[in-house]
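The values are calculated or read from the model by the stated rules, or taken from the named source; none is laboratory data. Computed from a predicted model, the values in this text were never measured in an experiment. Cβ coordinates were reconstructed from backbone atoms using ideal geometry, including for glycine residues, and neighbour counts include every protein chain displayed. In case anyone asks, the SASA skips ligands and DNA or RNA and just uses the protein heavy atoms, side chains included. Shrake-Rupley method; radii C 1.70, N 1.55, O 1.52, S 1.80 Å.
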Amino acid sequence: MQFFVDPSRCIGCQSCLNACEECETHRGVSMINFDFVDRRESIATAAYVCFHCEDPTCAEVCPADAIKKGDDGIVQSALEPRCIGCANCVLACPFGIPKLHPKRELMMKCDMCYDRTSVGKKPMCATVCPSQALTFATPETIARERREVPTNTFQFGRETVKTKVFMMTPVGVDEVSIDVADYMWEARA
Amino acid sequence: MAKVPGSADAIRDQFGPHLNFEPAGGWQHESQHAPDKLVKTHCCFCGQQCGIQLKVRDNRVVGFEPWEEFPFNQGMLCPKGVKRYLQSGHPDRLLDPLMRTDAGFRPTTWDEALGTTVRRLRELQAKYGRDAVAVYGGASLTTEKAYLVGKFARVALGTRHIDYNGRLCMVSAGTAYKPAFGADRSPIPWSDIPKAQVLLVIGANVGECAPITTSYIWRCRDRGGQLIVVDPRFTPIARNADLYLPVRPGTDLQLLMGMLHIVLRDGLENRAFIEAHTTGFEAVAESVKPYDPRAVAERTGVPPEAIERAAHMFAKAERAILLHARGLEHHSKGVENCSAAINLCLATGHFGREGSGCAMITGQGNGQGGREHGQKCDQLPGQRSIDDPKAREHVARVWGISPEELPGAGYSAVEIMEAIHRGEIKGLLSICFNPLVSLPDATFTREALERLEFFGVIDFFLSETAQHADVVLAGSLQEEEEGVVCTAEGRVVHIRKAVDPPGNARGDASIFCDLAARLGKGQYFPYREPREIFEELREASRGGIADYYGITYERLDREMGVFWPCPSEDHPGTPRLFEGGVSMHADGKCRFQLTPWRESGDPVDADYPVYLTTGRVVSQYLSGTQTRRIGALVEQYPEPRVEIHPRLAATFDVDTGDLVTVTTRRTELTLPCAVVKTIRPDTVFIPYHWAGDKSANRLTHRTIDPRSKIPEFKVSACRLAKAGQAHAQLPTATGASRV
Ligand code: SF4
Ligand code: SF4
Ligand code: SF4
């Protein structure tokens, strides 16, 4: 099973964000990165989890060696005794994922619900997401059922980042207006 | 006189709303203790009734776990479902019955509370007649409770005035579907939605008001289905629409008749279906002749070519589904709107087959089940008409009374409030209804409540309406009493009891049974538990339209719900109604209905040039009695905002965060605005979940549809003025402040 993110399906309900903090291992702390893209211009919203990079920049820049990647490809949250709260990872992550929790002087981020995925359950956010913008499924299921196509290679300037989490990309979509006025009859007069 | 006693601040200190952010004992405490049990049940906060498992420890709901096996939502939940557990053990919870005093409310014994309620209701009935007392019910109650409320009003009190807050929900749809097909239920199960080639979603903000339905719509798109969205606002699902029609508030009827005009003009109707399965086509065909695309564009603000394209897409598809909700139904011509939607489906033959049909998306928790078994003023259990002598005889026999003792049809919800206002109704007993927030024209509602000679309320939190009560009977949350509900799909599901009511609060059903006993009618209300009510309800519904006779709690558990009608225990239930286009009318025909045009009851003019429309946000449920007490849900959308298009905002120089005064023919309201391009420039939107000086329903009007009696929440006329600066911002992610 792999994790797939499709912002085009997101309805901005924030169920993922609310459910994440209900997970047993970190109750009260949500690791979901959620935002309105630009509410004035559009209804578009985007919710992200950690992409779990193959070569995680967050771990590379950590002076305390507090961020570990497991054999399963999951990049863990910072280890509590090691993390010195320097926020290097926060600044370095190309996706803007890790968050520093000032009260605990600890970086925390999505660990793909390690407690759940390690016992065969789906991550909490991908289970509850009503539009399945966040989905945990086999690549075969995604290939069969989705019209968008997954990719896990990202280009940041000259740097290429490969990740464990897949992003769904639209096929053959033209520019779409989101200003209601552009759709109205009066708008043509 | 039922004015709110004491000071508003004192009431707020004592009864809230306070925000509950964390489970009992705090997050840390919670994560260190395993739950005693997981209870498979359903979310209480909308008509989808998602399956959910509640974590229970020490008689409190302390969290949730997704229930992935439940077929409808497969573990999916919206934020209301995720956070619903925080209403359990809430500091505002009523733990004792309350009596009004001059200074506020004092806790009392059940004996005094029940005794006073019964004495006062009796006195009023003795003095002014039986119908001087009315009962309000609600569509978030389990079906057992809804049934009980109807029976209690008619048998224990003998009043004909019993109605419920479903009157504010989807009665226009029911009133249109019944004459067309003989039954009031979504004709399709949701599993049909992904099978359509074209989905026409009209007046339904699916992403926010029926979030799980989004996944069905996206599954349809994944299979190549096309999506048409009709709404004055660019709602979250419109983002993925193949065609978006920005209809002007109140003109949906023109649009639907215009689409039918095009279908007939271009010969795209399904003649074979019309001839084999329908009546009344010719008259309807004649009636849409004047609705040519150009004329319709003028009225609706939708370009003619977009109307043409929508009509062609819908008619030419082999399988197409039309989904509608409150946006189509909350109008003084709500029934005509729904009938026009039905006419379009019948004319194109999109009906009674897999992946084809029309469906209402019911809103309230038990919006469907709550209207089927007798708390509607004009219906008896089993969706039977109260005017039908056979139905009266059947129900009277099950109840052990004579048909003559059974009162006739009474007033609807808005009409009851008007009768209170003019002094015709003197006493009210209300459960699961917060009319001060949810009825239109809140100032009028407040005046009416203040005129009541006796007001008794059954509630778990002291809602704004309950603050006007003389006696408050501390009742139960959904998770505190067993029962069934019927989902938007028509699937009856089992609500399991997770915890006992806390303190001295009691199960709602037992409160009604006690009241009945004190009214001297105890023999008609002998139930010891909800199951016994359900057994009687099965009999009462037997042979009716919504026939539950073959449904048992055990079957619901085994089969993950059963779709009605289900006339016998070996009947599999009926996921898709009207299979093959055969209606439940005696002749099996579906009936086209004429849909004459009417103007809104609150027309836009030079003094009030802007349309005001109201609705919901994803993090709040109805009048907010429950969800305005749950911290995370409040943070997500803390207070109502007026949505305004930049073009309209520029005309009076406001920007996001500024305060705007919205004035209608009733009164004015000042709220922060959000300037967004996702709404028509001639329309503003305000969500209605709040009370007092944040209550959108102070602005709305009391015009109702003459048949469904639904208020016209979706169209009011208003004018706007800048009122200063506020601190409000555009919506952002919640959670930041919780970190
Ligand atoms: S997405 Fe950011 S936080 Fe996650 S592994 Fe990559 S660099 Fe680290
Ligand atoms: S739960 Fe899904 S639809 Fe809702 S905000 Fe998160 S990603 Fe978006
Ligand atoms: S409010 Fe509705 S959609 Fe949200 S979890 Fe509850 S039942 Fe599901």
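Scanning the range A:113-132 for residues that are facing another protein chain (nearest Cβ under 9 Å) and part of a loop (DSSP other than H, G, I, E, B), we see that the one that is farthest from ligand 1 (Cβ to nearest atom) is A:P130.
Quick one: in the range B:470-493, of everything that is open to solvent by 10 Å² or more (accessible area, probe 1.4 Å) and in contact with a Phe, Trp or Tyr (Cβ under 7 Å, 6 or more places away or on another chain), which residue is nearest to B:D514 (Cα to Cα)?
The qualifying residue nearest to B:D514 (Cα to Cα) is B:D470.
Listed by position, the helices (runs of 4 or more DSSP H) contained in the range A:1-94 that have at least 3 residues being over 13 Å from the mean Cα position of the chain (by Cα) and within 14 Å of chain B (Cβ to nearest Cβ) are A:15-20.
Scanning the range B:629-647 for residues that are hydrophobic (A, V, I, L, M, F, W, C) and open to solvent by less than 20 Å² (accessible area, probe 1.4 Å) yields B:I630, B:A632, B:L633, B:V642, B:I644. In summary, A:C110 fulfils each of the numbered conditions (1) within 14 Å of chain B (Cβ to nearest Cβ); (2) surrounded by fewer than 20 Cβ atoms within 10 Å (Cβ to Cβ); (3) within 16 Å of ligand 1 (Cβ to nearest atom); (4) part of a loop (DSSP other than H, G, I, E, B) with the single exception of condition (2). For the range B:302-314, the count of residues that are small (G, A, S), in contact with a helix residue (DSSP H, G or I) (Cβ under 7 Å, 6 or more places away or on another chain) and part of a strand (DSSP E or B) is zero. Of all residue pairs spaced 6 or more apart or on separate chains, those with beta-carbon atoms under 6 Å, a first member in the range A:7-23 that is farther than 14 Å from B:S215 by Cβ and a second member that is among the basic types (K, R) and within 13 Å of ligand 3 (Cβ to nearest atom) are A:N18/B:K83. Out of B:Q14, B:Q53, B:Q48, I need the residue that is at pLDDT 90 or above, of a type in the set (S, T, N, Q) and within 16 Å of ligand 2 (Cβ to nearest atom). Which one? None of the other options fit; the residue is B:Q48. Quick one: in the range B:244-272, which of the residues that are assigned to a helix (DSSP H, G or I) and open to solvent by 20 Å² or more (accessible area, probe 1.4 Å) is farthest from B:H350 (Cα to Cα)? So, considering only residues that are assigned to a helix (DSSP H, G or I) and open to solvent by 20 Å² or more (accessible area, probe 1.4 Å), the one farthest from B:H350 (Cα to Cα) is B:R265. Restricting B:G47, B:G51 to residues that are away from ligand 1 (no atom under 16 Å from the Cβ) and within 30 Å of B:V472 (Cα to Cα) narrows the list to B:G47.
Note on the range B:358-473: enclosed helices (runs of 4 or more DSSP H) holding 3 or more residues that are in contact with a Pro (Cβ under 6 Å, 6 or more places away or on another chain) are B:389-399.
Of everything listed in (1) within 29 Å of B:G382 (Cα to Cα); (2) within 14 Å of another protein chain (Cβ to nearest Cβ); (3) open to solvent by 10 Å² or more (accessible area, probe 1.4 Å); (4) of a type in the set (S, T, N, Q), the single unmet condition for B:T278 is (2). Among residues of the range B:617-631 being in contact with a strand residue (DSSP E or B) (Cβ under 9 Å, 6 or more places away or on another chain) and within 16 Å of ligand 2 (Cβ to nearest atom), the one that is farthest from the other protein chains (Cβ to nearest Cβ) is B:Q620.
Criterion first (on the phi < 0 side of the Ramachandran plot, more than 16 Å from ligand 2 (Cβ to nearest atom) and at pLDDT 90 or above) does A:K121 satisfy it?
Details: on the phi < 0 side of the Ramachandran plot: yes; more than 16 Å from ligand 2 (Cβ to nearest atom): yes; at pLDDT 90 or above: yes.
Criteria met by A:K121.
Residue count for the range B:534-560, restricted to those that are within 10 Å of B:G382 (Cβ to Cβ) and of a type outside the set (S, T, Y): 10.
I'd like to check something: does the range B:442-459 contain any residue that is of a type in the set (G, A, S), over 22 Å from the mean Cα position of the chain (by Cα) and surrounded by fewer than 24 Cβ atoms within 10 Å (Cβ to Cβ)? Checked the range B:442-459: no residue is of a type in the set (G, A, S), over 22 Å from the mean Cα position of the chain (by Cα) and surrounded by fewer than 24 Cβ atoms within 10 Å (Cβ to Cβ). For A:T135, the test of being outside any strand (DSSP E or B), polar (S, T, N, Q) and buried (at least 17 other Cβ atoms within 10 Å of the Cβ) is failed.
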